[in-house]
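To keep things clear, I will list the structure first and then write my remarks on it.
The values are calculated or read from the model by the stated rules, or taken from the named source; none is laboratory data. Everything numeric here is computed off the predicted structure, so don't read it as measured data. Note that each Cβ is placed from the backbone with ideal geometry, even for glycine, and that neighbours are counted across all protein chains shown.
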Amino acid sequence: MKKILVTGGAGFIGSALCRYLVLRGDCQVLNLDKLTYAGDLRSLSSIDNHPHYAHLRADICDRAALDLAFRTFAPDAVMHLAAESHVDRSIDGSEAFIKTNILGTFQLLEAARAYWVQEKNGDRDAFRFLHVSTDEVYGSLGAEGLFVETTPYDPSSPYSASKAASDHLVTAWTRTYGFPALISNCSNNYGPFHFPEKLIPLMILNALHGKPLPVYGDGQQIRDWLYVEDHARALHLILERGDIGRTYNIGGRNERANIDVVRTICDYLDKVRPRETSHRDLITHVKDRPGHDRRYAIDATRLESELGWRALETFETGIIRTIDWYLANEWWWRPLREKVYAGERLGQVGGGRE
């Protein structure tokens, strides 16, 4: 049974990954997460008592805690997802992004490298470190073209700049030390257990409460949407079969303008939770944020052709699954709306949500 250390496993993508790995039946998972505002152990309730899952509350910036985790758990692999990830919050305050995404990744790389160096030859050869990143490191596309693994980095926000820096650290550790690392860059994720500051859950919950649906600028910013469970499958496949030193882009091939995403949510809610007027009447265009990337689109050909991955959800099927989940799981999101994040605007320099 493979032992995998997952950082940030109480977050949105991390919790989906932990659930997937544990329920496969062939992985033992240690979830290392310091539980920031976006970390929620309730997202892991389905595996909380599973014998192959455990949570360690620790910060990736804490080298002593990392060293202890490596010594006691002795992982065969690391899947690094711990990060500050919300663009608007990076505009409001970038320091946490620099600390966690850059310095935290450095501390984790060094703790993992020290552990790897001390491993016996057989175990050392099998060890892998997967760094999970974002397509936002590539900047903005024009009307044509797709991001590929060799697209030059051109980050626009403090968030994407911090992730770009962490990607470069991982690449340097592989080239300098021979450290067995891989990188993945994904498009916008959506699905169950998504913290309600992000576009899709925010629009669903605001619509259910009859609140304005803030669409930034003209709403024509285009994103490639990836269902989170498809992402979890891709990450495991990259860890198992990917080549050391390579980058793999993960995208759902589901390009949609933000305004069309919001309209799709409204139209489905009109069917299942009708109100006196259409939910579309709640759409409100507000001032855009500075440096808002216009278009993201991922070319996942390498992942598809070399490793055989395919997204199982289209946007049409995934968005219905997502909305239905929020309708059925008020127990999860209501405490967050009441005590953590009520839907207020972030990134006041210019606004915007991804």
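Applying the condition of being surrounded by fewer than 19 Cβ atoms within 10 Å (Cβ to Cβ) and among the hydroxyl-bearing types (S, T, Y) to segment 118-150 and asking which residue is nearest to G242 (Cα to Cα) yields T150.
Taking each residue of segment 1-27 that is of a type in the set (K, R) and looking for partners that are part of a strand (DSSP E or B) with beta-carbon atoms closer than 6 Å, six or more apart or interchain, yields K2/C27; K3/Q28.
The set of residues from segment 164-195 being surrounded by fewer than 21 Cβ atoms within 10 Å (Cβ to Cβ), out of contact with any strand residue (DSSP E or B) (no Cβ under 8 Å at 6 or more places or on another chain) and not hydrophobic (A, V, I, L, M, F, W, C) comprises H168, R175, T176, Y177, G178. Among helices (runs of 4 or more DSSP H) entirely within segment 90-185, having at least 3 residues that are of a type in the set (A, V, I, L, M) singles out 105-118, 158-177.
Here's the yes/no breakdown for (1) touching a helix residue (DSSP H, G or I) at 6+ places or on another chain (Cβ under 6 Å); (2) over 16 Å from T105 (Cα atoms):
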{"residue": "G11", "(1), (2)": "no, yes"}
{"residue": "L17", "(1), (2)": "yes, yes"}
{"residue": "R24", "(1), (2)": "no, yes"}
{"residue": "Q28", "(1), (2)": "no, yes"}
{"residue": "G39", "(1), (2)": "no, yes"}
{"residue": "S45", "(1), (2)": "no, yes"}
{"residue": "H50", "(1), (2)": "yes, yes"}
{"residue": "A64", "(1), (2)": "no, no"}
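Within segment 246-273, residues that are at positive phi have Cβ atoms under 8 Å from residues that are buried (at least 20 other Cβ atoms within 10 Å of the Cβ) and of a type in the set (G, A, S) in these pairs: R253/A300; R253/A311, counting only partners at least 6 apart in sequence or on another chain. When R71 is tested against (1) part of a helix (DSSP H, G or I); (2) at pLDDT 95 or above; (3) buried (at least 16 other Cβ atoms within 10 Å of the Cβ), just one condition goes unmet, and that condition is (3). Given the condition modelled with pLDDT of 95 or more, farther than 30 Å from V117 by Cβ and small (G, A, S), answer yes or no: does some residue in segment 188-199 qualify? Yes, segment 188-199 contains at least one residue that is modelled with pLDDT of 95 or more, farther than 30 Å from V117 by Cβ and small (G, A, S). If you check I47, I13 for being closer than 24 Å to L237 by Cβ and part of a loop (DSSP other than H, G, I, E, B), only one passes: I47.
Every residue, every condition in (1) among the hydroxyl-bearing types (S, T, Y); (2) surrounded by fewer than 24 Cβ atoms within 10 Å (Cβ to Cβ); (3) at pLDDT below 95, yes or no:
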position	(1), (2), (3)
L5	no, no, no
K34	no, yes, no
Y53	yes, yes, no
A77	no, yes, no
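Residue check: is R223 surrounded by 21 or more Cβ atoms within 10 Å (Cβ to Cβ) and among the basic types (K, R)?
yes
Residue count for segment 226-268 under the criterion of being under 16 Å from T322 (Cα atoms), within 14 Å of the chain's Cα centre (by Cα) and not in a helix (DSSP H, G or I): the result is 3.
Regarding segment 281-300, can at least one residue be identified that is among the hydroxyl-bearing types (S, T, Y) and either within 19 Å of H209 (Cα to Cα) or surrounded by fewer than 13 Cβ atoms within 10 Å (Cβ to Cβ) (or both)? Looking for residues that are among the hydroxyl-bearing types (S, T, Y) and either within 19 Å of H209 (Cα to Cα) or surrounded by fewer than 13 Cβ atoms within 10 Å (Cβ to Cβ) (or both), one finds at least one in segment 281-300, hence yes.
For beta carbons closer than 7 Å, sequence separation of 6+ or different chains, a first residue in segment 152-167 that is under 20 Å from R246 (Cα atoms) and a second that is surrounded by fewer than 21 Cβ atoms within 10 Å (Cβ to Cβ) and among the hydroxyl-bearing types (S, T, Y), the qualifying pairs are A164/Y153.
If we scan segment 322-329, do we find a residue that is touching a Gly at 6+ places or on another chain (Cβ under 9 Å) and over 30 Å from V170 (Cβ atoms)? Checked segment 322-329: at least one residue is touching a Gly at 6+ places or on another chain (Cβ under 9 Å) and over 30 Å from V170 (Cβ atoms). Scanning segment 79-114 for residues that are over 27 Å from Y177 (Cβ atoms), among the acidic types (D, E) and modelled with pLDDT of 95 or more yields a count of 1.
Of the residues making up segment 39-91, those that are basic (K, R) and under 25 Å from K163 (Cβ atoms) number 3. Of all residues in segment 129-151, those that are in contact (Cβ under 8 Å) with a residue 24 or more places away in the chain have Cβ atoms under 7 Å from Cβ atoms of residues that are acidic (D, E) and crowded, with 24+ Cβ neighbours inside 10 Å, 6 or more apart or on another chain, in F147/D135.
For segment 23-38, the condition holds for at least one residue, the condition being that it is part of a strand (DSSP E or B) and more than 20 Å from the chain's Cα centre (by Cα). Summed over segment 92-125, the residues that are in contact (Cβ under 8 Å) with a residue 40 or more places away in the chain, more than 15 Å from A69 (Cα to Cα) and touching a helix residue (DSSP H, G or I) at 6+ places or on another chain (Cβ under 7 Å) give a count of 7.
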